[in-house]
Amino acid sequence: MKLYGVVITFFLFVGCLQADMHISNKTGKELTGMLYGSKGNVESEIDSMIKQSGTIGFSPVAANKHIEVHYYNKFQEKGLEMISFFNLVNKEKIRPLLLKNPDFGAYAPFNFLVYKTLDTENDDNTWYGHLAADTMLNIIGEKDVVTRNAFKTMVKSLDDLIVKEMKPAMRKKFEHSKPLLEHGLTKMVMQFDEPDDLEEFIEDFIMRHDSAFSKHDFIIAGFVDYKFEYGDMDLPFDKYDAYWVSLLCHFKFSNSIFNRGIPEAGMFAPCSIYFYIPKGKNELHVGYASVDNWINALNFKDQKTIDYMRAIDAEVIKIFRELGFELEVQGAKVPEVISLDEENKRLKAKIKKLEEKIKALKEGNVTVKTEVEVSVKTEVPPKVFKGAKLVIGGKAPKKLSTYYVAKLQNIDNLKRKLEENGFKVLAETPILKGKTVLTITNNELLQSNTWLATLHLLVNEGNEIRVQNPSYFAAAYLQDKYKYGQFSKTLQSLQAVLGDMYEVDEKYVLDDLPKYQFMFGMPYLTDTIKVAEGDDLFSKVTGENGNKYITYTLKLPNGNVLVGHRLRNRTNKFLQKIEAERDANILPYESMIQGNTAVILDPKYYLALSIPQLSMSEFMKIASAPGEIEKDVTRAYK
């Protein structure tokens, strides 16, 4: 324990050093943020206003709603009736600011906080708002007047919409007497060798980053890849080889602050951690707002709370150091500025070196030694399945297996046998390395006119075949219309294709599936999310977007259309964070076109239903996945 105290003290010292405690000379009170108030619980009105923010260019990177439910489920504490975070950004307006100053990523997105206390007698109001634009600008150290005005104009457009749509009855100002830090951002940098594939390097880093923070009880509450987003929008963003923002949250920490009397501190959360690689550089930069901004801007006085906040901040620095980052000493280093002539000179020197290498290869001065490996044929023992073998018929079991597994088969042979036994193969989709999913349908499934119209079958390379159990998902999707044994023909056809099939450990109580809910406060089957609205949605997903974002479409007898979506590789990797690669056949994710509306099952429902052994802590590890899935699906309808 003494050693741990020394370590924390050291990192607290480092944290204060890097944040630069040389404070500004400003005196008097300054506005930290403004919250608007409306009588009673106005959650539905807030949701409508957030949707309306799209008309002025804003969109949520993440919508983390009803966090108080998670506080109660995890810590059995209820200090708020409601608290939600909407992390908003205007992608088009923030782009020129990010190009001018990468530090704008600390507030791209910024948090729109919504909360209501339990004190209905003295404060029966919903409060909502965000940090003042000047506070955000001062924290990132932006001094250019034109740039500041551009940011403030963008934020003001949101405030004008809030007043117009919500018509708040009251306002609450939060001011600080303590001056903000002169350098309010923690900045670090990591040098790396030039990779063969930059995209692969970035994906591997993100996995390492998320895993490292997860081990320390942090969660990634949202994610946005600006390099990808602007490429998708056909907008130039060439200053960076990569630029993304992760929203970092520590549940125990946030519970101790927001759920215990200081909900307004949620204006600072979750923390936007921005990463970027300058064009042509082998260095990854990271930055975020120091927790000392919270302390000064909201006039924290309790020393135990302050010490705890700084300890968490120090822990973040420690994790980044373990990942290979070093702190930047702000204000001490002057970046190297070289002339165009000098830059050309250096490029010519690099080219000359490459030419010399090529010449040496041509002249045979370099010997390339090749060795022929002797192929050794090894017998792979057949997999032994531990679950009970499927026997069709009989009484309904208490629990249903979510999937069935069977012996591995060649994909081409498998597709042929599926077709021979009445199935139509709609798509062959690689999800992760060595994990390919075949999406199938047949007449019995199709007639359900529901999400059950397709089944996903995983070919898990070198291991097994895993298929969704139609009985399990029918019980969930058809609810009281389902009777056990209803899809026996489909199971018999699967047996004809796969041979003996066996149950898996993942099971759920049959009688509870029709009303499935992961836990209190989480969505049900009927809590679908609208991802698109308008005329001729089908043409959008079968036109140019079809090749890019869609794996299949399936028209149902009732006129609705199921659409299989090709998620980004980075999105698919949420499975690796919870070691659920074996369940890769929960993908492709599907939307359903119903007339002039397209909807998806809420990922918080579908992921939990498909991985019934998922624990609360594991669910929090993939907190950003539902939002990423929704964004990937929505993109196909643009």
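Rule-based calculations on the coordinates, nothing more; no lab input. All figures in this text were calculated on a predicted structure; none of them were measured in a lab. Cβ sites come from the backbone with ideal geometry, for glycine too, and all protein chains shown count toward neighbours.
Taking the alpha-carbon set of the stretch 386-425, what are its Rg and Dmax in Å?
Gyration radius and largest Cα-Cα distance of the stretch 386-425: 13.6, 36 Å.
Counting Lys and Arg as +1 and Asp and Glu as -1, what is the net charge of the other residues whose Cβ lies under 9 Å from the Cβ of residue 38?
The answer is +1.
Beyond 17 Å, what percent of the Cα pairs of the stretch 38-78 remain?
It works out to 50 percent of all Cα pairs.
Run the numbers for residue 569 and residue 509: contour at 0.36 nm per residue of separation, minus the present Cα-Cα distance, in nm.
Residue separation times 0.36 nm, minus the Cα-Cα distance, leaves 18.3 nm.
Relative contact order of the stretch 251-297, please, whole-number percent, based on alpha carbon pairs below 8 angstrom and at least 6 residues apart. Don't skip to the end; give the middle numbers.
Working: 28 pairs, mean separation 12.0, N = 47.
The normalised contact order for the stretch 251-297 reaches 25 percent.
At most 14 other Cβ atoms within 10 Å and a DSSP loop assignment: could you name the chymotrypsin sites (Phe, Trp or Tyr not before Pro) in the stretch 181-259 that fit?
Those that pass, being in a loop and sparsely packed, are 192.
Once the other residues with Cβ under 10 Å from the Cβ of residue 117 are scored (Lys, Arg +1; Asp, Glu -1), what is the net sum?
Details: positive: 116; negative: 81, 119, 123, 124.
Surrounding charge for residue 117 is -3.
List the aspartates and glutamates whose alpha-carbon lies under 18 Å from that of residue 29, not counting same-chain residues fewer than 8 positions away?
Straight-line reach from residue 29, under 18 Å: 134, 175, 182, 264, 292.
Enumerate the calculated ³J(HN,Hα) couplings along the stretch 233-238 in order (Karplus 6.51 cos²θ - 1.76 cosθ + 1.60, θ = phi - 60°), each rounded to whole Hz, writing x wherever the residue is Gly or Pro.
These are the phi-based 3J(HN,Hα) values: 8, 6, 10, x, 8, 7 Hz.
Around residue 314, what is the net charge, scoring Lys/Arg as +1 and Asp/Glu as -1 over all other residues with Cβ under 11 Å from its Cβ? Walk me through the numbers on the way to the answer.
On the way: positive: 310, 318, 321; negative: 307, 313, 315.
The answer is 0.
For residue 413 and residue 77, what is the calculated FRET efficiency with R₀ set at 56 Å and r taken between the beta-carbons, to the nearest 0.05? Mind showing how you got there, number by number?
Details: r = 56 Å, r/R0 = 1.00.
In this case the efficiency is close to 0.50.
Taking the highest mean first, how do the peptides 501-507, 418-424 order by number of other beta carbon atoms within 10 angstrom per residue?
Taking the mean over residues of other Cβ atoms within 10 Å, the ranking is 501-507, 418-424.
Nearest 0.05, what FRET efficiency do residue 44 and residue 303 give at R0 = 51 Å with Cβ-Cβ as r?
It comes out at approximately 0.80.
Could you tell me the relative contact order of the chain? Use alpha-carbon pairs under 8 Å, at least six residues apart, and round to a whole percent.
So the answer I get is 13 percent.
Which one of 467, 188, 595 has its Cα pushed farthest toward the positive end of the charge dipole of the chain, where Lys and Arg give +1 and Asp and Glu give -1 at the Cβ?
The one lying farthest along the dipole's positive direction is 467.
Tell me, in nm to one decimal, what length is gained between residue 544 and residue 463 on full extension, where the rule is 0.36 nm per residue of separation less the Cα-Cα distance?
25.5 nm
Cα-Cα over 28 Å: which of 100/548; 91/530; 573/638; 39/65?
Exceeds cut-off: 100/548.
Could you calculate the FRET efficiency of residue 392 with residue 238 from 1/(1 + (r/R0)^6), where r is the beta carbon distance between them and R0 is 35 Å, rounded to 0.05?
Values: r = 59 Å, r/R0 = 1.70.
Computed FRET efficiency for residue 392 and residue 238: 0.05.
Which of the helices in the chain, when you take each full DSSP H run, stretch at least 20 Å along the axis at their Cα atoms and have an average Kyte-Doolittle score of 1.6 or higher? Could you put the intermediate results ahead of the total?
On the way: long enough: 2-19 (26 Å, 1.72); 145-166 (31 Å, 0.22); 198-214 (24 Å, -0.11); 303-322 (28 Å, -0.29); 340-362 (33 Å, -1.26).
Sorted by number, the helices that extend far enough and score high enough are 2-19.
Decide, for the chain, between rounded, prolate and oblate: order the square roots of the alpha carbon gyration tensor eigenvalues as a ≥ b ≥ c, take rounded if a/c falls under 1.5, and otherwise choose prolate if a/b is larger than b/c, else oblate. Present the calculation step by step, with values, prior to reporting the outcome.
On the way: a/c = 1.84, a/b = 1.28, b/c = 1.44.
Note, shape of the chain comes out oblate.
Modelled label-to-label distance, residue 517 and residue 281, 7 Å Cα→beta-carbon offset: nm?
5.0 nm
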